[in-house]
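The values are calculated or read from the model by the stated rules, or taken from the named source; none is laboratory data. Worth saying up front: this structure is predicted, and the values here are computed from it rather than measured. So basically every Cβ, Gly included, is an ideal-geometry build from the backbone, and we count neighbours across all protein chains shown. The area values use the complete protein model at the heavy-atom level, side chains included, leaving out ligands, DNA and RNA. Shrake-Rupley method; radii C 1.70, N 1.55, O 1.52, S 1.80 Å.
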Amino acid sequence: MKRVLHGLVLWGAVAVCAVFLFCALLFRVWSLGTWAGLAASGLVAAAAARWPHWRAWYTVGWKKRFLSGLFAIFILFVIYSAALIGCMTAGALRIVPEGQTGTVVVLGSKVNGETPSADLQARIDRAARYLLEHPECPVIASGGQGAGERISEAEAIRTGLIAQGVEADRIYLEDRSSSTAENIAFSKEVVEANNLPETMLFVTDEYHEFRAWRLAERAGVESWAIPGSTPLYLLPACVAREMLAITGMFLTV
């Protein structure tokens with residue numbers, strides 16, 4: 001009975017991963033997070049398919065210790081992943097305090113030709129709502145032009161904001177960056193060059209707010225979060241990718 005239960009748990013994990021990743025692939029979300037999820041699903045599927053053989057192999061001396069070590073590593077990975085999700089949650093909860101002013105910075109994401117990706121459109125929509133409610137805030141549209149993009153991410157953000165009623169003269173472009181760290185560094189230059197409020201109010205996905213906050217601290221910038229809502233079908237791949245990005249940030253000085 002226990003053996004059957006273990007197999008069902010493994011196959012259940014594969015099914016859950018497959019459903020979420022299939023949704024991402026359906027919308028052509030090919031990212032490091034998607035590939036990592038596919039690899040993890042494949043490993044779990046292989047473990048589920050060979051579970052009885054693994055059980056027999058496990059009962060032999062040093063092999064038992066070896067698999068116990070692998071299991072311990074897996075548990076540590078789960079704990080570390082939970083800690084990272086906690087960090088992402090903490091970042092998303094750092095919403096702008098009542099009465100706090102600053103420069104809104106919309107962090108870029110993928111543009112398909114000249115059309116914002118679903119991820120970026122969600123950020124544009126959130127920024128537009130905030131800016132219409134806070135007419136005193138200037139805004140920086142931040143993001144360079146990458147592969148497959150006919151315009152810069154900054155230009156796509158600017159166009160989207162104007163279409164929703166934000167005045168063009170409130171919008172400043174930062175169209176050189178290719179990473180979150182560069183978003184912040186180059187936006188800081190725009191702030192200084194135009195004598196804008198120094199505090200940055202980041203508009204980005206909930207999961208991304210933590211890394212933006214920590215990178216802003218490194219750059220000596222005070223910041224707060226205006227989190228948007230990530231489309232559900234993008235969330236698994238995006239969170240997996242963000243875990244890798246946060247780990248890379250922790251490992252760099």
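Tabulated values for the structure
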quantity: Lone qualifier among I226, I184 - being at pLDDT 95 or above, in a helix (DSSP H, G or I), under 15 Å from V104 (Cα atoms) and in contact with a Lys or Arg (Cβ under 9 Å, 6 or more places away or on another chain); calculated: I184
quantity: Filter result (touching a strand residue (DSSP E or B) at 6+ places or on another chain (Cβ under 7 Å) and part of a helix (DSSP H, G or I)) within the range 74-119; calculated: G91, A92, D119
quantity: Unique residue being surrounded by fewer than 18 Cβ atoms within 10 Å (Cβ to Cβ) and assigned to a helix (DSSP H, G or I) when the list is A156, A122, A193; calculated: A193
quantity: Lone unmet requirement of (1) within 14 Å of G108 (Cα to Cα); (2) open to solvent by less than 50 Å² (accessible area, probe 1.4 Å) for V166; calculated: (1)
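Residue-by-condition table, conditions (1) open to solvent by less than 20 Å² (accessible area, probe 1.4 Å); (2) more than 22 Å from F250 (Cβ to Cβ):
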position	(1), (2)
S142	yes, yes
G148	no, yes
N183	yes, no
P197	no, yes
M200	yes, no
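Residue-wise test of (1) touching a Phe, Trp or Tyr at 6+ places or on another chain (Cβ under 9 Å); (2) at pLDDT below 90.
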residue: G61; (1), (2): no, yes
residue: L70; (1), (2): no, yes
residue: F77; (1), (2): no, yes
residue: A82; (1), (2): no, no
residue: G86; (1), (2): no, no
residue: T89; (1), (2): yes, no
residue: A92; (1), (2): yes, no
residue: L107; (1), (2): yes, no
residue: N112; (1), (2): no, no
